[in-house]
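Before any comments, here is the structure.
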Amino acid sequence: MTIPNKKLFALCLVVLALLFMAQFVLSNYLVLALTRILILAIFAMGYNMLMGYTGLLSLGHAMFFAAGLYAAGLANYYGGVSLPIAFVIGILGGGVLAFVIGLLALRTQTVSFMIVTLMFAQVAYLLTLYFSNVTGGDQGLTLPTASRSFSLFGLAVDLTSPMVRFNIALTLFAVVLIGLFAVTQGPLGRLFVAVRENINRTEMLGFDTYRIRLLAFTISGAISGLAGALYGLMFGFIGSSFAEFRSSIEVLLFTLVGGPGTLLGPLVGTGVMTMLIDRLSGMTSAYLIVVGVLLIVINLWFPKGILGTIRDRWVPWLK
Amino acid sequence: MAEVILLKTRGLKRHFGGLKAVDGVDFTLRKGEIRAIIGPNGAGKSTFVSLLSGRIPPSEGTVEFDGQDVTALPAHRRVRLGIAYTFQITNIYPSMSVLENVAVAAQSRLRPSFLRKGASETEIEDAARAALAAVGLDDRLDEVAGVLAYGHQRLLEVAMGLALEPKLLILDEPTQGLSDSEIANFIEVVKRVAQSSTVLLIEHNMHVVMSLADRITVLERGRLLAEGSPAEIMNDKAVQAAYLGEPA
Ligand SMILES: Nc1ncnc2c1ncn2[C@@H]1O[C@H](COP(=O)(O)OP(=O)(O)OP(=O)(O)O)[C@@H](O)[C@H]1O
Ligand SMILES: [Mg+2]
């Protein structure tokens, strides 16, 4: 098998190597921050797969993140399911929910699609509150101490160690990054971009664009679910705040800032924006307004994002 | 030997509000022929072939292709059965490269299911290159399609049709905006394609029609006005009055 876009592949490997090295030079605090960034970047990569590559703007991706978070967390909390299996359940939770929502939502396009996804996500959020005797509502649930460690293939893994958490997050980030490299840079990615660029033409070239969009939506939801499950299990906490509209907006913002439709854009955008949001929320409680203004500014003057702009000016293979 | 019918319509109609764009057309196309459809502006030519391709649904009537009733099939399924449609108003992927544009078409033929394995990337790109070479665009593979000159975009549109290797290639005014030398090349391309597939060509340029068509169908106000060999059509009084009589 030959690897398409070899330069991008090499760049991905370099980025992964740099991230791995970071744990040896950064302080514990920064390693923790980077762990969070990596998990949220996975979420953003899942979002970018749909929004950036396929051109479908969803305003409800918090529900898929939350689906993974709750599916994995509740399976562990109530079912006593081991962490690795709970994690897989989380991925399935995101993927299955996305498939079902996609069947309905993908009958609409553009603005109606945004509204429909937003509505489903609000329903999901309200459900987590309504069933708060199960989900813990906005108080959330803290996973039992027994779930702070597990053994995989005879290897004991301690989730209270920042280094362990970082390396787990990095491993899964790498798996998703390489997986998405394969998806986006090959024949399937061509179809996603074709749907984004001209859906009618793609239909008239013999492709069932509904199925292509449903596939993109499902992959996107499964990856978002993966990120949610990882977040919940690694930090041992699940709460309804992850299902809020704010999460959907943040993942959109991360993707827009980094560069929609670029493989590494979500990492860049998540890195830049979480740093910024952390600073801002320290300074002002009205940081959401700042985020909103930023969204508008980017949309108007900077629609390709950081890596998208670099790609268009200098580095065409950065896609 | 009996002639093989590739495509047949019965009572095909398409109304837009009160406007009868296509108004009860019975039409038959034989395998292997090059058929030209001519007619004045607004006669319903584009609407008629859109009904064949499934791009728009008919108000009434049926379409039969290769022995199968395809009236209820969506456009993408008809493409897979072998009906390729090139748009009158250029419809490409403007921000993608010339090669990528045609690669989408080549992929449709060589790797029809996007979940199952099919042809490799190399094979897909080779097929796309071959289709581009056929229309003479092989020296522009990496150019962004949207910035090509209009005539080249028309040829790109044709190359996308060729890459599908269809049983029936529908071309809607493909030579509009082409230079004389490009038209000469285009005529050669269609002659070559016609050796393996059937061609349905909407064309205003009578030189192109006369060089290519085995038979000509004349549409006027959504109805079939006449049909016959080029010589018959040229001598048809009704056609002369309706169409050829018009100043070019
Ligand atoms: N989507 C539509 N909605 C309403 N009217 C339409 C639509 N498409 C075509 N028409 C009308 O139907 C009639 C036939 O149009 P059509 O494009 O099929 O003609 P044509 O023979 O291809 O003309 P031309 O030679 O100018 O391309 C025209 O009067 C046109 O205005
Ligand atoms: Mg027309």
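The values are calculated or read from the model by the stated rules, or taken from the named source; none is laboratory data. Everything quoted here is computed from the prediction, not taken from an experiment. When we count neighbours, we look across all protein chains shown, and the Cβ atoms used for this are built from the backbone with ideal geometry, even at glycine. Calculation scope for accessible area: heavy atoms of the full protein, side chains included, ligands and nucleic acids excluded. Shrake-Rupley method; radii C 1.70, N 1.55, O 1.52, S 1.80 Å.
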Options B:R55, B:R77: the member that is in the same structural domain as B:L12 (by TED's automatic domain parsing), within 16 Å of ligand 1 (Cβ to nearest atom) and either open to solvent by 40 Å² or more (accessible area, probe 1.4 Å) or in contact (Cβ under 8 Å) with a residue 60 or more places away in the chain (or both): B:R55
Considering only the stretch A:1-16, how many residues are without any contact (Cβ under 8 Å) to a residue 60 or more places away in the chain and within 21 Å of the chain's Cα centre (by Cα)? 1
Exactly one of B:V63, B:V70 is away from ligand 1 (no atom under 15 Å from the Cβ) and buried (at least 23 other Cβ atoms within 10 Å of the Cβ), and that residue is B:V63
Can you pull out the residues in the stretch A:23-32 that are surrounded by 14 or more Cβ atoms within 10 Å (Cβ to Cβ), closer than 26 Å to A:F181 by Cβ and either hydrophobic (A, V, I, L, M, F, W, C) or under 20 Å from the mean Cα position of the chain (by Cα) (or both)? A:L26, A:V31
When (1) part of a helix (DSSP H, G or I); (2) farther than 28 Å from A:L104 by Cα; (3) open to solvent by 10 Å² or more (accessible area, probe 1.4 Å) are applied to A:N200, the one that fails is (2)
Identify the single condition in (1) within 9 Å of another protein chain (Cβ to nearest Cβ); (2) buried (at least 23 other Cβ atoms within 10 Å of the Cβ) that B:P94 does not satisfy, given that it satisfies every other one. (2)
Would you check which residues across the stretch B:78-91 are more than 8 Å from every other protein chain (Cβ to nearest Cβ) and at pLDDT 95 or above and list them? B:R78, B:L81, B:G82, B:I83, B:A84
Identify all residues within the stretch B:2-44 that are more than 14 Å from ligand 1 (Cβ to nearest atom) and basic (K, R); write none if there are none. B:K8, B:R10, B:R30, B:K31, B:R35
Among the residues of the stretch A:147-188, the number that are open to solvent by 30 Å² or more (accessible area, probe 1.4 Å), in contact (Cβ under 8 Å) with a residue 12 or more places away in the chain and more than 20 Å from the chain's Cα centre (by Cα) is 6
Taking the stretch B:188-203 and keeping residues surrounded by 16 or more Cβ atoms within 10 Å (Cβ to Cβ) and either over 23 Å from B:L12 (Cα atoms) or touching a helix residue (DSSP H, G or I) at 6+ places or on another chain (Cβ under 7 Å) (or both) leaves B:V189, B:V190, B:V193, B:A194, B:S197, B:V199, B:L200, B:L201, B:I202, B:E203
Residue satisfying all of: in the stretch A:194-213; within 7 Å of chain B (Cβ to nearest Cβ) and among the hydrophobic types (A, V, I, L, M, F, W, C); farthest from B:V158 (Cα to Cα) among these: A:I212
Filter the stretch B:154-202 down to residues that are more than 14 Å from B:A131 (Cα to Cα), within 14 Å of another protein chain (Cβ to nearest Cβ), away from ligand 1 (no atom under 16 Å from the Cβ) and not in a loop (DSSP other than H, G, I, E, B), then give me how many there are. 1
Just for helices (runs of 4 or more DSSP H) wholly inside the stretch A:54-164: which have at least 3 residues that are at pLDDT 95 or above? A:62-79, A:83-105, A:110-130
Is there any pair linking a residue in the stretch B:11-31 that is β-branched (V, I, T) to one that is away from ligand 1 (no atom under 14 Å from the Cβ), with Cβ under 7 Å and at least six apart or on different chains, and which? B:V25/B:T9; B:T28/B:I5; B:T28/B:K8
By residue number, the members of the stretch A:54-82 that are surrounded by 23 or more Cβ atoms within 10 Å (Cβ to Cβ) and either over 25 Å from A:G261 (Cα atoms) or in contact with a Pro (Cβ under 8 Å, 6 or more places away or on another chain) (or both) are A:L69, A:Y70, A:A71, A:A72, A:G73, A:N76
Name the pairs: first residue in the stretch A:32-58 and at positive phi, second residue open to solvent by 10 Å² or more (accessible area, probe 1.4 Å), Cβ to Cβ under 6 Å, at least 6 apart or on different chains? A:G55/A:R196
Subset of the stretch B:163-177 [under 15 Å from B:R192 (Cβ atoms) and within 13 Å of ligand 2 (Cβ to nearest atom)]: B:L171, B:P174
Which numbered condition trips up A:Y231, out of (1) part of a helix (DSSP H, G or I); (2) within 13 Å of the chain's Cα centre (by Cα); (3) within 29 Å of A:V193 (Cβ to Cβ)? (3)
So which residues in the stretch B:213-223 are open to solvent by less than 10 Å² (accessible area, probe 1.4 Å) and not in a loop (DSSP other than H, G, I, E, B)? B:I216, B:T217, B:V218, B:L219
State whether one or more residues within the stretch B:10-31 are within 13 Å of ligand 2 (Cβ to nearest atom) and of a type in the set (A, V, I, L, M). yes
For the condition surrounded by 19 or more Cβ atoms within 10 Å (Cβ to Cβ), in a helix (DSSP H, G or I) and of a type outside the set (S, T, N, Q), what is the one hit in A:L267, A:L214? A:L267
Among what's in the stretch B:97-117 and is small (G, A, S) and more than 8 Å from every other protein chain (Cβ to nearest Cβ), pick the residue that is least open to solvent (accessible area, probe 1.4 Å). B:A106
